[in-house]
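Report on the structure given below.
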Amino acid sequence: MAKKKQRKPKRSPKIYQFYEIKEGKITRKAQFCPKCSAGVFMAKRPDTWYCGKCHYVERIEKK
Ligand SMILES: [Zn+2]
């Protein structure tokens, strides 16, 4: 495997807001809309997930 230097872009693409890499594992911070196809992220609100595409709202259940 080629060694690649990690570059930190000044402005990260929008999609990266939803991913977090921890110990080599990619964690999704946002969830996909169940009504739209996978790949459509929902925006997180204090207690709901909101899909900007189909306006679907899902409650976030707190533990
Ligand atoms: Zn949707």
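A cut-off under 11 angstrom between Cβ atoms defines the neighbours of VAL57, and their net charge, with Lys, Arg +1 and Asp, Glu -1, is +1.
Length gain on complete extension for the stretch ILE60 to LYS25, per 0.36 nm per residue less the alpha carbon to alpha carbon distance? Each step should come with its number before you reach the end.
Values: separation 35, 0.36 × 35 = 12.60 nm, distance 2.37 nm.
Residue separation times 0.36 nm, minus the Cα-Cα distance, leaves 10.2 nm.
Rule-based calculations on the coordinates, nothing more; no lab input. These numbers come from a predicted model, not from an experiment. Every residue, glycine among them, receives a Cβ derived from its backbone with ideal geometry; neighbour counts consider all protein chains shown.
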